[in-house]
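S.K.: Once you've had a glance at the structure underneath, I'll fire off some questions.
The values are calculated or read from the model by the stated rules, or taken from the named source; none is laboratory data. Just so you know, these numbers come straight off a predicted model, no measurement behind them. When we count neighbours, we look across all protein chains shown, and the Cβ atoms used for this are built from the backbone with ideal geometry, even at glycine. Calculation scope for accessible area: heavy atoms of the full protein, side chains included, ligands and nucleic acids excluded. Shrake-Rupley method; radii C 1.70, N 1.55, O 1.52, S 1.80 Å.
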Amino acid sequence: QAKLAGKGRYHLFDAEEDRSVRSHHESLERIQVALRCQEFVLHYQPKVNMRTGAVIGVEALVRWQHPQRGLLPPSAFLPVIEEHPLALQLGEWVIGAALFQMTEWQSHGLTLPVSINVGARQLRQGELPLRLQGMLARYPAINPSQLELEILETSALGDLAQVAEILEACRKLGVGISLDDFGTGYSSLTYLKRLPAGMVKVDQSFIRDVLDNPEDLAILNGVMSLAAAFGRQVIAEGVETEAHGDMLLRIGCELAQGYGIARPMAADLIPAWVSNWQPSPHWRSLKRVSQP
Ligand code: C2E
Ligand code: MG
Ligand code: MG
Ligand code: MG
């Protein structure tokens, strides 16, 4: 199957189809059914401050509870709908489900910031701020500042001015913005400069080998000082071990997320996790060896 231009890609499914294209089409229909039948669920992965032990929020990650195939990760269905209007419907569902969950937690005494991932198509449609505003109005108990949008650099590709404008409008609603998978795009520095994000999420590919790879460490240090210069916070993704945490704390990166802290989990497991989590005791005592 040829690589198709993003825009209008789904029109091709109406044409004569080869088998792979047809199976895409079937998946699309199945995903439509899944949305109607409420087969999607959000799992939540904590974000913490490794030094203070504070849980600073959770990231909502969509899964498909497939009746035959079990719990499916986003890689099993997001690529199929990425450029299809269905991505907008799923995106709407995610926003609503996250706000609903925040209200639930809040009614049990847990006020927890939640970030949601916003897809390229959802981001490029100018109505995102309006839709967000509408959704927030339906959940008046939620302070908009408790909601954050995670934007992939690759989603902003092409029409940066337009994306900046849309994000600015979201920010005016009080919603937070963070740059996801930071460093993996072609113009990370431009995005840092042009997009109104309060937080930068350093991609896990830079964290994975940082203990043995001086170049990854140099990139991390560079991101830390750039972010400081721009007044942005930095969080490290993919913190899988205590040693990763040690290294990050030494360079002044206190915020982290990763399997070494917690895996994504069902919503009902979050309250107990939040009240029980303790950072590694020696994290508190680690000294910073380089200044951001
Ligand atoms: P992401 O937003 O960068 O999320 C991080 C991904 O890395 C998640 O995979 C998470 O489970 C995984 N992860 C977290 N900690 C670790 C770690 O220590 N090691 C490793 N190896 N992996 C870790 P997941 O849930 O499969 O999501 C993959 C991607 O799918 C996300 O990347 C995000 O771009 C997208 N996605 C997830 N949920 C949504 C959604 O509701 N809407 C949209 N548009 N995209 C979503
Ligand atoms: Mg994310
Ligand atoms: Mg990421
Ligand atoms: Mg990612």
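S.K.: Going by the conditions given, is ASP159 charged (D, E, K, R) and within 16 Å of ligand 1 (Cβ to nearest atom)?
M.R.: no
S.K.: Search the stretch 49-69 for residues that are away from ligand 2 (no atom under 16 Å from the Cβ) and pair each with any residue that is open to solvent by 40 Å² or more (accessible area, probe 1.4 Å) and not aromatic (Phe, Trp, Tyr) when their beta-carbon atoms are under 6 Å apart and the residues are at least 6 apart or on different chains.
M.R.: ASN49/ILE56; ASN49/GLU254; MET50/GLU254; ARG51/GLU254; GLN65/VAL41; GLN65/LEU71
S.K.: From the list ALA266, ALA256, ALA227, exactly one residue is within 16 Å of ligand 2 (Cβ to nearest atom), small (Gly, Ala, Ser) and under 20 Å from the mean Cα position of the chain (by Cα). Which is it?
M.R.: The conditions single out ALA256.
S.K.: Counting only residues that are part of a strand (DSSP E or B) and near ligand 1 (Cβ under 9 Å from one of its atoms), which one in the stretch 109-128 is surrounded by the fewest Cβ atoms within 10 Å (Cβ to Cβ)? First the steps, then the outcome.
M.R.: Here is the first cut: in the stretch 109-128, the residues part of a strand (DSSP E or B) are 114-118.
Now restrict to residues that are near ligand 1 (Cβ under 9 Å from one of its atoms): 115-118.
Numbers: SER115: 28, ILE116: 21, ASN117: 19, VAL118: 24.
Restricting to residues being part of a strand (DSSP E or B) and near ligand 1 (Cβ under 9 Å from one of its atoms), the top hit is ASN117.
S.K.: Please verify whether TYR191 is more than 16 Å from ligand 2 (Cβ to nearest atom), over 20 Å from LEU132 (Cα atoms) and touching a Leu at 6+ places or on another chain (Cβ under 9 Å), treating the condition exactly as stated.
M.R.: no
S.K.: Out of all the residues in the stretch 42-65, which are more than 15 Å from ligand 3 (Cβ to nearest atom), over 20 Å from SER275 (Cβ atoms) and surrounded by 15 or more Cβ atoms within 10 Å (Cβ to Cβ)? So that I can check it myself, show each step before the final result.
M.R.: As a first pass, look at the stretch 42-65 and keep what is more than 15 Å from ligand 3 (Cβ to nearest atom): 42, 48-56, 63-65.
If we keep only those that are over 20 Å from SER275 (Cβ atoms) too, we end up with 42, 63-65.
Within the stretch 42-65, LEU42, ARG63, TRP64 meet the criteria.
S.K.: Would you mind finding the one in GLU83, GLU150, GLU127 that is at pLDDT 95 or above and of a type in the set (D, E, K, R)?
M.R.: Only one candidate passes the filter, namely GLU150.
S.K.: Among the candidates GLY183, GLY176, GLY198, which residue alone is within 16 Å of ligand 2 (Cβ to nearest atom), on the phi > 0 side of the Ramachandran plot and either hydrophobic (A, V, I, L, M, F, W, C) or within 18 Å of the chain's Cα centre (by Cα) (or both)?
M.R.: GLY183
S.K.: Evaluate the stretch 141-148: report whether one residue or more is surrounded by fewer than 18 Cβ atoms within 10 Å (Cβ to Cβ) and in contact with a strand residue (DSSP E or B) (Cβ under 8 Å, 6 or more places away or on another chain).
M.R.: Yes, there is a match, as at least one residue in the stretch 141-148 is surrounded by fewer than 18 Cβ atoms within 10 Å (Cβ to Cβ) and in contact with a strand residue (DSSP E or B) (Cβ under 8 Å, 6 or more places away or on another chain).
S.K.: Does the stretch 87-105 contain at least one residue that is open to solvent by less than 50 Å² (accessible area, probe 1.4 Å) and closer than 30 Å to SER285 by Cα?
M.R.: no
S.K.: So, one more: Can you pull out every residue in the stretch 190-234 that is of a type in the set (Asp, Glu) and either in contact with a helix residue (DSSP H, G or I) (Cβ under 9 Å, 6 or more places away or on another chain) or surrounded by 14 or more Cβ atoms within 10 Å (Cβ to Cβ) (or both)?
M.R.: ASP203, ASP209, ASP216
S.K.: Starting from the stretch 169-184, take each residue that is more than 18 Å from VAL239 (Cβ to Cβ) and list its partners that are among the polar types (S, T, N, Q) and open to solvent by less than 10 Å² (accessible area, probe 1.4 Å), counting only C-beta distances under 8 angstrom and pairs at least six apart or across chains.
M.R.: Final answer for the pair search is GLY176/SER115.
S.K.: Being within 16 Å of ligand 2 (Cβ to nearest atom) and crowded, with 16+ Cβ neighbours inside 10 Å: is that true of ILE166 here?
M.R.: Here the answer is no, as ILE166 does not meet what is asked.
S.K.: While we're here: For the stretch 3-25, check the following and say yes or no: at least one residue is at pLDDT below 95, surrounded by 14 or more Cβ atoms within 10 Å (Cβ to Cβ) and within 27 Å of PRO264 (Cβ to Cβ).
M.R.: yes
S.K.: Write out, first by first residue and then by second, each pair whose Cβ atoms fall under 7 Å of each other, whose residues are 6+ apart or on separate chains, and whose first residue, in the stretch 195-211, is under 15 Å from GLY231 (Cα atoms) while the second is of a type in the set (Asp, Glu) and more than 13 Å from ligand 1 (Cβ to nearest atom).
M.R.: Once the first residue is under 15 Å from GLY231 (Cα atoms) and sits in the stretch 195-211, its partners that are of a type in the set (Asp, Glu) and more than 13 Å from ligand 1 (Cβ to nearest atom) give PRO196/GLU168.
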